[in-house]
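I have placed the structure first, in the form of structure tokens, so that the comments after it can refer back to it.
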Amino acid sequence: MDVQAPSRSIWRYRATRVFMVLVTRLYSKLRVEGIERLSAGPSVLCFTHQSWVDPFYVFAAIPEQPRMYFFGPEQEDMRLGFRNQLMRWSGVVVPYRPGKRGLLAATARVESLLGQNSVVAIAGEGRIHAGEGAVLPLREGPAYLSLRAGVPLVPVAINGTSWLGFRRVVRVRVGLPIATLPGKPGRPTADEVARLTAQTQSTLKMLVADFPDPPRPGRIGRWLTELFNDW
């Protein structure tokens with residue numbers, strides 16, 4: 001983990017955040033709803049995922065404090081490739097290797113960050129999808145990490161990124177935090193994880209249900225949409 005994602009100074013975090021906020025607010029009309037529902041303490045954010053730029057909009061919508069990290073990506077070597085090197089430089093990711101290798105170290109890093117009053121954001125579906133009103137079946141990671149650390153799980157719906165048209169509305173809607181604790185501290189059962197996952201899935205479906213699918217943008221918008229999307 002120290003090689004894949006070494007700890008970075010706060011100034012790199014702030015520089016990354018300023019860049020993401022400026023880019024998203026200049027290109028899109030960002031609309032944030034329910035931000036007052038977030039607490040000042042640590043939490044796990046489970047966000048919907050339609051585009052490679054979704055983390056940009058999460059950064060732009062969520063308050064600067066507490067410090068936020070992203071669980072993932074799934075990469076063999078974060079030192080290879082421009083995108084990986086940029087994420088590694090910023091220090092805002094907790095990656096793991098394909099085949100769930102390194103997952104224990106990544107989980108330990110997340111627990112440590114949450115214990116330091118940080119926020120950890122996860123694309124719960126695990127991959128991008130098409131359709132503004134759709135939510136793929138969630139993976140168990142967000143619920144497991146939330147229960148294991150004893151912090152709220154917050155559903156976050158991102159709409160408007162299926163096509164990245166210039167100055168179109170992108171909405172980030174924050175749901176009510178789901179506060180729950182495992183029966184045994186630090187050891188959530190499969191049933192507890194499944195229940196929390198199902199509750200989060202249901203909430204996300206309600207949060208995205210009223211957003212229409214946008215028309216295809218022009219050539220530049222289509223190019224930007226597919227620039228890093230991995231279907």
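The values are calculated or read from the model by the stated rules, or taken from the named source; none is laboratory data. From a predicted model like this one, the values you see are computed outputs, not experimental measurements. Cβ: placed from backbone, ideal geometry, glycine included. Neighbour counts: every protein chain shown. We work out accessible area using only protein heavy atoms, side chains counted, and drop any ligands, DNA or RNA first. Shrake-Rupley method; radii C 1.70, N 1.55, O 1.52, S 1.80 Å.
Counting only residues that are over 24 Å from residue 31 (Cβ atoms) and surrounded by fewer than 24 Cβ atoms within 10 Å (Cβ to Cβ), how many does segment 150-165 have?
Count: 1.
Please state which of the following conditions residue 17 fails to meet, knowing it meets all the rest: (1) surrounded by 18 or more Cβ atoms within 10 Å (Cβ to Cβ); (2) in a loop (DSSP other than H, G, I, E, B); (3) among the basic types (Lys, Arg).
Unmet condition: (2).
Please pick out the residue among 79, 101 that is free of Cβ contacts under 8 Å to residues at least 24 places away in the same chain and either more than 21 Å from residue 143 (Cβ to Cβ) or surrounded by 15 or more Cβ atoms within 10 Å (Cβ to Cβ) (or both).
Sole residue among the options that is free of Cβ contacts under 8 Å to residues at least 24 places away in the same chain and either more than 21 Å from residue 143 (Cβ to Cβ) or surrounded by 15 or more Cβ atoms within 10 Å (Cβ to Cβ) (or both): 101.
Within segment 43-69, count every residue that is open to solvent by less than 20 Å² (accessible area, probe 1.4 Å) and not in a loop (DSSP other than H, G, I, E, B).
12
Looking at segment 172-224, which of its residues are of a type in the set (Lys, Arg) and in contact with a helix residue (DSSP H, G or I) (Cβ under 9 Å, 6 or more places away or on another chain)?
173, 187, 195, 216
Say whether the condition of being closer than 30 Å to residue 224 by Cα and touching a strand residue (DSSP E or B) at 6+ places or on another chain (Cβ under 8 Å) is met by at least one residue in segment 104-111.
Checked segment 104-111: no residue is closer than 30 Å to residue 224 by Cα and touching a strand residue (DSSP E or B) at 6+ places or on another chain (Cβ under 8 Å).
Of all residues in segment 139-148 being of a type outside the set (D, E, K, R) and surrounded by fewer than 24 Cβ atoms within 10 Å (Cβ to Cβ), which is farthest from residue 202 (Cα to Cα)?
Checked segment 139-148; the qualifying residue farthest from residue 202 (Cα to Cα) is 145.
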